[in-house]
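Report on the structure given below.
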Amino acid sequence: MKPARVLVVDDNPTNLKLASDVLDCAGFEVWKAADAEEALAVIQRTKPDLILMDIALPGMDGLTLTRRLKADASTRDIRIVALTAFAMKGDDEKAFAAGCDGYIPKPIDTRKLPAQIADLLQRSSPPS
Amino acid sequence: MSAIRDITERKIQERRVQEANRLKSEFVANMSHELRTPLNGIIGFSEFLIDEKPGPLNPKQREYLHDILESGRHLLQLINDVLDLSKIEAGKMTLSPERFSVSEAMGEALTVIDAMAQEKGIDIRTAIDPQLGKVTLDRAKFKQVLYNLLSNAVKFTDDGGEVRIRAARSGPDRFQVQVADTGIGIRREDFSRLFAAFEQLESGADRRFQGTGLGLALTKRIVELQRGTIAVDSEVGKGSTFTVELPLAAEEVMA
């Protein structure tokens, strides 16, 4: 079976590297982007199965990008998981309202992240 | 006329103090967020390395990584405690009560503590009155209180000691949780300092115990926010007993 393709979007280089390397080590095919524009460029080249998306991005924020991808028939089925900055009430609701399929509160738990992503990938595709 | 002027001036003064306090809390909140981001990098990469995901480690490397991880977690705890304290002081700590079983919450707090206790060979005994049943409190904050009391009990008890937990109703609408240890104990004259921020009784060079010195200050404020009380009884060399009394149902507190 081909490994699932995951695109990690985070403007903090350390967080981006950590999440990417953890997922890479767990056997995912990992792509990286530091902002929404880079993410869109990656998505055009290779359609990921899942995007791990930081909410607070410079320029176009993660939720706007999510709404855009979910409004487009060609990218609607990409699973989007929000990385929420504070484990705060309301952040998860905002993420779901924008069309995210799940959320993971920051900081990521390196020991749990691969299983969390695998779990989100296994859930049935969002209705399109 | 002058009385009116005094009142006006006092009001202006009060407003200034409130504003300064608000700015302080905002600063602390922003600061702790800024501190947490790089710290999460330190903790995350250390965890990744210590799990030997990128490759095998030799024993010294594992030991030093363990030290980095412990220091990182300690610093994170300190930042979280400072943020919580400042939130409470600014009246921004919210409470979201939900119905839950005390024994379940206790079990969850104990899963974290059990590992620490096992390492020191400390026996933990729990006695929860089955009549107690469910309570309506902020579950996360209740667990934070339990966790703080239990980790203190384990921390200040020598190897092979004992920690006893009791929970039961103490009135028609209140209940008590008691955590008793066979640890080093606290002098009576130190009881009042115990709940002050940044005080660990053995301070300075002879300080044997790692801690933020914020745990009990925070615990007391969280308990009081839920209209509860906390009390201590102790004898040096024999052990300490902390008693928390809380209402069976707390009111919601919005920021």
Would you check if there is a residue in segment A:38-58 being open to solvent by less than 60 Å² (accessible area, probe 1.4 Å), within 14 Å of chain B (Cβ to nearest Cβ) and among the charged types (D, E, K, R)? yes
Residue check, A:Leu16 against (1) open to solvent by less than 50 Å² (accessible area, probe 1.4 Å); (2) in contact with a Leu (Cβ under 7 Å, 6 or more places away or on another chain), all met but one. Which one? (2)
Take the residues in segment B:17-34 that are open to solvent by less than 80 Å² (accessible area, probe 1.4 Å) and within 17 Å of B:Asp81 (Cβ to Cβ), then tell me which one is nearest to the other protein chains (Cβ to nearest Cβ). B:His33
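Okay, residues lined up against (1) among the aliphatic types (A, V, I, L, M); (2) under 10 Å from A:Gly99 (Cα atoms); (3) under 14 Å from the mean Cα position of the chain (by Cα):
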position	(1), (2), (3)
A:Gln44	no, no, no
A:Ile51	yes, no, yes
A:Asp54	no, no, yes
A:Met60	yes, no, no
A:Leu63	yes, yes, yes
A:Arg67	no, yes, yes
A:Arg76	no, yes, yes
A:Thr84	no, no, yes
Read through the list (1) modelled with pLDDT under 95; (2) buried (at least 17 other Cβ atoms within 10 Å of the Cβ); (3) more than 14 Å from chain B (Cβ to nearest Cβ), then give the number of the only condition that A:Ala97 fails. (2)
Please specify each residue of segment B:35-76 satisfying the condition of being open to solvent by less than 80 Å² (accessible area, probe 1.4 Å), within 18 Å of B:Ser151 (Cβ to Cβ) and within 14 Å of another protein chain (Cβ to nearest Cβ). B:Leu69, B:Gly72, B:Leu76
Residue pairs qualifying under the 8 Å Cβ cut-off, at least six apart or on distinct chains, with the first in segment A:14-35 being within 13 Å of B:Phe45 (Cα to Cα) and more than 9 Å from chain B (Cβ to nearest Cβ) and the second being of a type in the set (D, E, K, R) and open to solvent by 50 Å² or more (accessible area, probe 1.4 Å), are A:Leu16/A:Lys32; A:Ser20/A:Lys32
Just one of (1) open to solvent by less than 30 Å² (accessible area, probe 1.4 Å); (2) of a type in the set (A, V, I, L, M); (3) farther than 20 Å from B:Val223 by Cβ trips up B:Ile184, so point out which. (1)
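The values are calculated or read from the model by the stated rules, or taken from the named source; none is laboratory data. Because the structure is a prediction, the values reported are computed rather than measured. Don't worry about glycine lacking a Cβ; one is built from the backbone with ideal geometry, like all the others, and counts go over all protein chains shown. Quick note on the areas: whole protein, heavy atoms, side chains included, nothing else; ligands and nucleic acids left out. Shrake-Rupley method; radii C 1.70, N 1.55, O 1.52, S 1.80 Å.
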